[in-house]
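Visitor: My questions will all concern the structure given below.
Bear in mind these aren't lab numbers, they're just calculated from the coordinates by the rules spelled out. It should be emphasised that the depicted structure is a prediction, and the values quoted were computed from it without experimental measurement. Cβ atoms come from the backbone with ideal geometry, glycine included; neighbour counts cover every protein chain shown.
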Amino acid sequence: MSDHLDKTRNNRRDFDKDKLDGFIHEDPMLFFNQWYQDAHEKNAADPHAVVLSTVDKDGQPSSRIVYMRELLSEGFIIYTNYLSRKGSEILKNHKVAGLFYWDVLERQVRIEGEAVKIDSIISDDYFASRPRISQIGAWASEQSSEIDNRLSLEERVKHFEEKYPNEVPRPPHWGGYLIKPQYFEFWQGRLGRLHDRLCYQKEGDSWRQFRIAP
Ligand SMILES: Cc1cc2nc3c(=O)[nH]c(=O)nc-3n(C[C@H](O)[C@H](O)[C@H](O)COP(=O)(O)O)c2cc1C
């Protein structure tokens, strides 16, 4: 057996803030929106942060946090570099998973679905609203590519600052994806690890609701 770096088994907590008696909405997007508003009201840290998982051609999953920037009735929008690791994985396999965790509410929401590129006009509009430093960064950073050192990144920043002294156009490799859910799980922590788990599976145009064991 290898050495313990930390005895995390001693970190125990109880979950008892709320319960899920039943399905609040027929439409899980409305349910999700309600929980998202609750997360704002309770001042959850980064309520719009979502762990986005993609899968490569060998079936290897990878995860990273991104920000949800728009919540629509059909899904939610995130922005990133289309040539990044996540972008190239999505190109080959549109299936993704998203995970929101709001510690202060003892809630998580698991989402599975597809990522589709959004219209470039919507990406243009959002890009134009970003701070200049982030706009320059989108040009300078070849996201997920190996780089020699920090300096080479900073030199690219300088290069694009000089190239675009005024307005910064949106790089063609940077934009949004709409994450369209097919499956939701709403998880509410409960005492004794007997958590509530309410699920929605898309079947045709409607959603089947069911509960699963914790
Ligand atoms: C709180 C937080 C928010 C982030 N938001 C984004 C985002 O909206 N878009 C993005 O591309 N990366 C975002 N990142 C960086 C990603 O986690 C990740 O490092 C980057 O997208 C590269 O991932 P990839 O190499 O797997 O494609 C965020 C990181 C953190 C910690």
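Visitor: Being of a type in the set (Lys, Arg) and crowded, with 17+ Cβ neighbours inside 10 Å is the filter here; which residues of segment 179-203 pass it?
Guide: Once the filter is applied, which keeps residues that are of a type in the set (Lys, Arg) and crowded, with 17+ Cβ neighbours inside 10 Å, segment 179-203 yields Lys180, Arg190, Arg197.
Visitor: Further question: Could you please give the count of residues in segment 124-143 that are surrounded by 14 or more Cβ atoms within 10 Å (Cβ to Cβ) and more than 18 Å from Phe160 (Cβ to Cβ)?
Guide: Summing the residues that are surrounded by 14 or more Cβ atoms within 10 Å (Cβ to Cβ) and more than 18 Å from Phe160 (Cβ to Cβ) in segment 124-143 gives 1.
Visitor: Within segment 134-144, does at least one residue satisfy the condition of being under 28 Å from His25 (Cα atoms), part of a loop (DSSP other than H, G, I, E, B) and in contact with a strand residue (DSSP E or B) (Cβ under 7 Å, 6 or more places away or on another chain)?
Guide: No, that holds for no residue.
Visitor: For segment 26-63: of the residues being crowded, with 16+ Cβ neighbours inside 10 Å and within 14 Å of Asn93 (Cα to Cα), which is farthest from the ligand (Cβ to nearest atom)?
Guide: By that ranking, first place goes to Val55.
Visitor: From the residues in segment 84-93 that are of a type outside the set (Gly, Ala, Ser) and within 9 Å of the ligand (Cβ to nearest atom), which one is surrounded by the most Cβ atoms within 10 Å (Cβ to Cβ)?
Guide: Start the filter on segment 84-93 by keeping residues that are of a type outside the set (Gly, Ala, Ser), which leaves 85-86, 89-93.
This time we only want the ones that are within 9 Å of the ligand (Cβ to nearest atom), so: 85-86, 89.
Details: Arg85: 16, Lys86: 24, Glu89: 21.
So the residue we want is Lys86.
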